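Below you'll find the structure, written out as structure tokens, and then a few comments.
The values are calculated or read from the model by the stated rules, or taken from the named source; none is laboratory data. This structure is a prediction, so every number in the text was calculated from the model and none was measured. Every residue, glycine among them, receives a Cβ derived from its backbone with ideal geometry; neighbour counts consider all protein chains shown. For the accessible areas, the whole protein counts, side chains as well, though only heavy atoms, and no ligand, DNA or RNA atoms are used. Shrake-Rupley method; radii C 1.70, N 1.55, O 1.52, S 1.80 Å.
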Amino acid sequence: MKIAIMGAMPEEIAPILEKLKDYKTTNYAGNKYYEATYNGIELVIAYSKIGKVFSALTASTMIEHFGAEKLLFSGVAGAVSPKLKVGDLIVATKLAQHDLDITAFGHPFGFVPEGSVFVEANKALIEMSKQVAKEMGKSVVEGIIATGDQFVANEERKNWIGSTFEADALEMEGGSVAVVCDALGVDFFILRAISDAADMDASFSFDEFLETSAIESAEFVMKMVDKIVLSLNKN
Ligand code: ADE
């Protein structure tokens, strides 16, 4: 079994590389991929760079070139739901692209012909995350994540995304990674720790909390890997 762990920014995968210590680095398609053996399974780790295009490229590469069979995403997000505060963890149940707009042709926001507004994350991995949260004594919220090539720092835009997609959080990569994994038949799990409230203070909050929130998310994702290893050893 080979598992991909991806983030968008160096800070999002740094805690994972630190934990592994020993890994092999490969340059491929303009990016660095880190391979390691961990508890008897193979891992491939990378940060994609920000946005839907780079994240789709990295997810595709991890699957098609490095042979990843499951993909776990770890990173930070802006809160849409007022219930989510800085440091809280959210697991995506389904994801949409909030900036995909061919409404001029009568289609809903986030939709293109032969696609769908939402892509659902793997239910077994979400179930597993509930057990992990329990064991870690952490509360993890399940919700809808909206993705777009835009750092949202505007209450009006945030509220529009919230009401149009019933989104609980927003970020810039999950929706595109979801499309890639769904198309290639790879189970995926998107976890985000809140870094800001996508409002006028978002950029300051993001800068302040990126590192600590990224650590929260990365620690949880590594526990998910442990759980996957356990479940493989049982079968
Ligand atoms: N990731 C973290 N915060 C974000 C925001 N406000 N907008 C887009 N992506 C984010």
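Numbers below:
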read-out: Enumeration of residues in segment 180-193 that are open to solvent by 10 Å² or more (accessible area, probe 1.4 Å) and either within 12 Å of the ligand (Cβ to nearest atom) or hydrophobic (A, V, I, L, M, F, W, C) (or both); value: Val180, Ala183, Leu184, Val186
read-out: Failed criterion for Ala68 (all others in (1) out of contact with any Ser or Thr (no Cβ under 7 Å at 6 or more places or on another chain); (2) surrounded by fewer than 21 Cβ atoms within 10 Å (Cβ to Cβ); (3) small (Gly, Ala, Ser) hold); value: (2)
read-out: Residue selected from segment 97-115 under the condition closer than 30 Å to Ala218 by Cβ and out of contact with any Ser or Thr (no Cβ under 7 Å at 6 or more places or on another chain), by the criterion least open to solvent (accessible area, probe 1.4 Å); value: Gly110
read-out: Inter-residue pairs, beta-carbon under 6 Å, first in contact (Cβ under 8 Å) with a residue 24 or more places away in the chain and in segment 75-98, second of a type in the set (A, V, I, L, M, F, W, C) and open to solvent by 30 Å² or more (accessible area, probe 1.4 Å), 6+ apart; value: Ala79/Ala197; Val86/Phe209; Leu89/Val140; Ile90/Val141; Val91/Val140; Lys94/Phe118; Ala96/Val117; Ala96/Phe118
read-out: Residue within segment 164-180 that is more than 26 Å from Leu57 (Cβ to Cβ) and either in contact with a Cys (Cβ under 7 Å, 6 or more places away or on another chain) or touching a residue at least 40 places away in the same chain (Cβ under 8 Å) (or both) present; value: yes
read-out: Within segment 143-153, considering residues that are more than 16 Å from Pro82 (Cβ to Cβ) and part of a loop (DSSP other than H, G, I, E, B), the one least open to solvent (accessible area, probe 1.4 Å); value: Gly148
read-out: Condition met for Ala133 (within 15 Å of the ligand (Cβ to nearest atom) and in contact with a strand residue (DSSP E or B) (Cβ under 7 Å, 6 or more places away or on another chain)); value: no
read-out: Single residue of segment 194-235 satisfying the filter (within 15 Å of the ligand (Cβ to nearest atom) and open to solvent by 90 Å² or more (accessible area, probe 1.4 Å)) that is farthest from Gly7 (Cα to Cα); value: Met200
read-out: Residue among Lys32, Lys24, Lys52, Lys19 that alone is surrounded by 16 or more Cβ atoms within 10 Å (Cβ to Cβ) and of a type in the set (Lys, Arg); value: Lys52
read-out: Positions within segment 163-179 being open to solvent by 20 Å² or more (accessible area, probe 1.4 Å), away from the ligand (no atom under 12 Å from the Cβ) and over 20 Å from Ser129 (Cα atoms), in sequence order; value: Ser163, Thr164, Glu166, Val179
read-out: Test: Ile161 is out of contact with any Ser or Thr (no Cβ under 9 Å at 6 or more places or on another chain), within 20 Å of Asp99 (Cα to Cα) and either at pLDDT below 95 or β-branched (Val, Ile, Thr) (or both); value: yes
read-out: Which listed residue, of Glu69, Glu114, is touching a Lys or Arg at 6+ places or on another chain (Cβ under 9 Å) and more than 26 Å from Ile194 (Cα to Cα); value: Glu69
